[in-house]
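What follows is a single structure, written as structure tokens, with notes after it.
The values are calculated or read from the model by the stated rules, or taken from the named source; none is laboratory data. This is a predicted model, so every value here is computed, not measured. Ideal geometry is used to build each Cβ from the backbone, glycine not excepted, and the neighbour counts take in all protein chains shown. SASA here: full protein model, heavy atoms, side chains in, ligands and nucleic acids out. Shrake-Rupley method; radii C 1.70, N 1.55, O 1.52, S 1.80 Å.
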Amino acid sequence: MADEVPKGSEPETSESLKAFGEVVKAFRRRAGLTQEEFAPLVGYSLPMVASVEQGRRLPSKEFVERAEELLDAFGVIRAAAKHLTRRAGLAKWFEKWAALEPQAVTLYTFEPRLAPGLLQTATYARTLFEKQLPAMSDDKIESSLVARLDRTRILTEHTETIFSFIIEEHALRRKVADPDVMREQIDHILALGERRNIDIQIMPLSRGHHAGLDGPLCLLETKEHTWQAYSEGQGSGQLISDPKEVSILQQRYARMRAQALSVEATVSLVRELRGAL
């Protein structure tokens, strides 16, 4: 099922993350609040709060500030956050964007190369890591896999976030893994596309020129209704916050949504691709 988290996908933690979680928990209990009561007050989902308190997720700056003020924590929560270290598995240049994803109320992704990371299954992602150059150690593969799977939680935990994915047709036609893995990946995409808050569109090969030929891009809107963008190349990534540059990328994404197949036509094509495997 799409809601299931693959076995062994719990993210790595660190002593600083665990300590921070215990601090938040202590002040929450001091305030007489359950996690269920605390989550809406601080503006985050219950799974997010639970993950932070268990030391499984790096809290956002907004979470730290809201918890500090709401729980009247004498500056302790804010001070504890200064000593947090991120778990392994994410490229250094990707960390800032990964920290923004759980805060998004809207998240758009265009991916011309592979199935987007947020839509990847465990077996598909593992195949990519195992074939990566330079070769990764077994430990690095496992930590990278855990980090990637942990990111995908937002698709099922953040049910009010609006997600849009545009994928180049050839990205799913390319057999980067054996047929069973590709079928599982396509089935996973079809299942996620049935969710009310997730739109998946294919940019067909027949389209020819389109607005996304400059490469992959991501856009997100925060709870404060500010927009950020992210662009990635080989071994590097760029977080873009300049309003003018973000606006240009928003225009391109809007044009791509009009140029891509409709959600319904996408389902038909993806099923056709699966049948051809």
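The table below gives the values:
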read-out: Set of aspartates and glutamates near Lys244 by C-alpha distance (under 20 Å), chain-local residues within fewer than 8 positions excluded; value: Asp214, Glu221, Glu224, Glu232
read-out: In nm, spacing of pseudo-spin labels at Ser262 and Ala99 (7 Å Cα→C-beta vector); value: 4.3
read-out: Spatial separation of Cα centroids for the stretch 18-86 and the stretch 92-132, in angstrom; value: 26
read-out: Stretch gain in nm, segment Ala135-Gln35, where the contour uses 0.36 nm per residue and the Cα spacing is subtracted; value: 31.8 nm
read-out: In order through the stretch 260-277: 3J(HN,Hα) via Karplus (6.51 cos²θ - 1.76 cosθ + 1.60), integer Hz, x for Gly, Pro; value: 6, 5, 5, 4, 5, 5, 5, 4, 4, 5, 5, 5, 5, 4, 5, x, 7, 6
read-out: Nonlocal amide H pairs with Ile202, under 5 Å, H built at 1.01 Å; value: Ile167, Leu261, Thr266
read-out: Antiparallel DSSP beta bridges within the chain, as percent of all bridges there, nearest 5; value: 55
read-out: For Ile240, residues with placed amide H under 5 Å, excluding near neighbours; value: Ala229, Tyr230, Ser231
read-out: Alpha-carbon centroids, the stretch 235-277 and the stretch 153-225: separation in whole Å; value: 7
read-out: Whole-percent carbon and sulfur share, accessible surface of the chain, 1.4 Å; value: 51
read-out: Computed [θ] at 222 nm, deg cm²/dmol, the chain (DSSP H ≥ 4; -39,500 (n - 2.57); rounded to nearest 500); value: -14000 deg cm²/dmol
read-out: Listed residues Leu219, Leu33, Leu119, most fluctuating in the chain (Gaussian network, C-alpha, under 10 Å); value: Leu33
read-out: Cross-link reach list, aspartates and glutamates versus Lys131, counting only Cα pairs under 18 Å and skipping chain neighbours closer than eight places; value: Asp139, Glu142, Asp178, Asp180
read-out: Under 21 Å from the Cα of Lys82 - lysines, other chains or at least 8 residues apart; value: Lys18, Lys25, Lys61, Lys92, Lys96
read-out: ³J(HN,Hα), Karplus 6.51/-1.76/1.60, whole Hz, each residue of the stretch 240-256, x for Gly, Pro; value: 10, 10, 4, x, 5, 5, 4, 4, 4, 5, 5, 4, 5, 5, 4, 5, 5
read-out: Per-residue ³J(HN,Hα) for the stretch 36-49, Karplus 6.51 cos²θ - 1.76 cosθ + 1.60, θ = phi - 60°, Hz, x for Gly and Pro; value: 5, 7, 6, 3, x, 5, 8, x, 10, 6, 4, x, 5, 4
read-out: Amide H partners (placed H, <5 Å) of Val105, local residues excluded; value: Glu221, Thr222, Lys223
read-out: Mean accessible surface per residue for the chain, computed with a 1.4 Å probe while every protein chain stays in place, in Å²; value: 50
